[in-house]
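Beneath this line is the structure, given in structure tokens, with notes to follow.
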């Protein structure tokens, strides 16, 4: 009832169809430094996105308030913005899908945990990282982040959708020194069930990540067999799957132009988007109100689907895949919800045994600058270890890996069983790549 005036005024102004998206958010952030609270903040916010079709063009307005004057202001801005749009892209206010999956990603118990309890776990985490190894010389950061959000979509077709979720993150970073060599490490834990967090386990992971890099040296520059860690697979997979965005294909700026139903990766590679998986990232509908569905993007190496929103789908006479996402400036783009590479049956240790001698790449940095999205060529600063006689041996210091995304995914010969979930909404295992270029000494 509160928003009826907006829809009434929109109709009177000649706006054919209109929509109001209301998002609310709450966040809590705490960080420590040397056993003291370094920062503490909470925030609450609301955001309103009003969109409407006026004379065949989509106008929009964004605001952080809704009061007695907002309805009139929204309608006026929609009309004014629509008048200056010059492109002829088809635009839609979605009537609604036939069926929506019931999804619950909100844990009401999280807000009942006291801030004191959350803070005590943070103190425990910092203490255990510091005591975890004598080579730890500094705790670079420890923190707790908590967020809660809701999204409500209402439109002139009578569509009413709502979804609510929450989560928390504990994180920590440390500095280790051995001789003249100094290394930093970082790790985090995320969930929305507080009982799942174990400070001791996260501390051990942070310490292992940090001190495990000490004693490293450069390997010989060469082409190596490689095991890529889940973290590295996540980075490359995210970049590769972005080539399936239909808008980029239509602009002829994607690696997958003309590749639908063709081989784009090794037969070992299957990548799905799973918004209905039981994760914190589960989603019933996209930002345009289209029902989501689990979708196979690459199956056994073959590209099965492009990713569409309503506009890009209409250009090709197909249905939206439920991947519409509102970005900055209210433009509707395309995103994935929960990407998963299907795991194999071999453990990571078995992958090392299979390559015999090679490298284990544990991280890559600088994808935005070091990866050409049009050609797929990359050159990235990396960390990792040598693999000798099927065992991980000494760490590698200051190396660069280079190659091409298409070649990399084509050269995957085995996929591990060690899947890991990431806060970016992805699940990835380790993989074997039969060759990758490594620059060392």
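The values are calculated or read from the model by the stated rules, or taken from the named source; none is laboratory data. Worth saying up front: this structure is predicted, and the values here are computed from it rather than measured. We place every Cβ from the backbone using ideal geometry, glycine too, and count neighbours over all the protein chains shown.
Residues in segment 144-202 that are part of a helix (DSSP H, G or I) and either free of Cβ contacts under 8 Å to residues at least 40 places away in the same chain or touching a strand residue (DSSP E or B) at 6+ places or on another chain (Cβ under 6 Å) (or both) were compared, and the one that is surrounded by the most Cβ atoms within 10 Å (Cβ to Cβ) is 202.
Answer yes or no: is there a residue in segment 78-86 that is exposed (fewer than 12 other Cβ atoms within 10 Å of the Cβ) and under 19 Å from residue 5 (Cβ atoms). No, the conditions are met nowhere in segment 78-86.
Of all residues in segment 1-19, how many are in contact with a strand residue (DSSP E or B) (Cβ under 7 Å, 6 or more places away or on another chain) and either free of Cβ contacts under 8 Å to residues at least 24 places away in the same chain or under 15 Å from residue 79 (Cα atoms) (or both)? Final tally of qualifying residues: 9. Scanning for something crowded, with 21+ Cβ neighbours inside 10 Å and touching a strand residue (DSSP E or B) at 6+ places or on another chain (Cβ under 6 Å), does segment 417-424 turn up at least one residue? No, there is no match, as no residue in segment 417-424 is crowded, with 21+ Cβ neighbours inside 10 Å and touching a strand residue (DSSP E or B) at 6+ places or on another chain (Cβ under 6 Å).
None of 182, 169 is outside the structural domain of residue 285 (by TED's automatic domain parsing), out of contact with any helix residue (DSSP H, G or I) (no Cβ under 7 Å at 6 or more places or on another chain) and under 30 Å from residue 44 (Cα atoms) except 169.
Given the structure, is residue 9 at negative phi, in the same structural domain as residue 175 (by TED's automatic domain parsing), surrounded by 13 or more Cβ atoms within 10 Å (Cβ to Cβ) and not in a strand (DSSP E or B)? The answer is yes for residue 9.
Are any residues in segment 105-120 crowded, with 18+ Cβ neighbours inside 10 Å and either assigned by TED's automatic domain parsing to the domain that holds residue 280 or within 16 Å of residue 203 (Cα to Cα) (or both), and if so, which ones? The answer is 118, and nothing else.
Residue by residue, here is whether (1) within 30 Å of residue 134 (Cα to Cα); (2) surrounded by fewer than 16 Cβ atoms within 10 Å (Cβ to Cβ) holds:
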residue: 214; (1), (2): yes, no
residue: 218; (1), (2): yes, yes
residue: 221; (1), (2): no, yes
residue: 235; (1), (2): no, no
residue: 242; (1), (2): no, no
residue: 258; (1), (2): no, yes
residue: 265; (1), (2): no, no
residue: 270; (1), (2): no, no
residue: 274; (1), (2): no, no
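For residue 71, are the conditions met, namely being buried (at least 18 other Cβ atoms within 10 Å of the Cβ), touching a residue at least 24 places away in the same chain (Cβ under 8 Å) and in contact with a strand residue (DSSP E or B) (Cβ under 7 Å, 6 or more places away or on another chain)? When the stated conditions are applied, residue 71 does not pass them.
The set of residues in segment 360-375 that are under 27 Å from residue 348 (Cα atoms) and either touching a residue at least 24 places away in the same chain (Cβ under 8 Å) or touching a helix residue (DSSP H, G or I) at 6+ places or on another chain (Cβ under 7 Å) (or both) comprises 360, 361, 362, 363, 364, 367, 371. Selection over segment 387-441 of residues that are free of Cβ contacts under 8 Å to residues at least 40 places away in the same chain, part of a loop (DSSP other than H, G, I, E, B) and under 16 Å from residue 240 (Cβ atoms) gives a count of 0. The single residue among 322, 317 that is at positive phi and in contact with a strand residue (DSSP E or B) (Cβ under 8 Å, 6 or more places away or on another chain) turns out to be 322. Within segment 203-257, the set of residues being within 18 Å of residue 384 (Cβ to Cβ) and part of a strand (DSSP E or B) comprises 217, 222, 223, 224, 225, 226, 227, 228.
Against the numbered list (1) surrounded by fewer than 18 Cβ atoms within 10 Å (Cβ to Cβ); (2) under 29 Å from residue 296 (Cα atoms), residue 371 comes up short only at (1). Confirm whether residue 97 is in a strand (DSSP E or B) and either farther than 30 Å from residue 182 by Cα or modelled with pLDDT of 95 or more (or both). No: the conditions fail for residue 97. Of everything in segment 297-338 that is in a strand (DSSP E or B) and crowded, with 20+ Cβ neighbours inside 10 Å, the residue that is farthest from the chain's Cα centre (by Cα) is 303.
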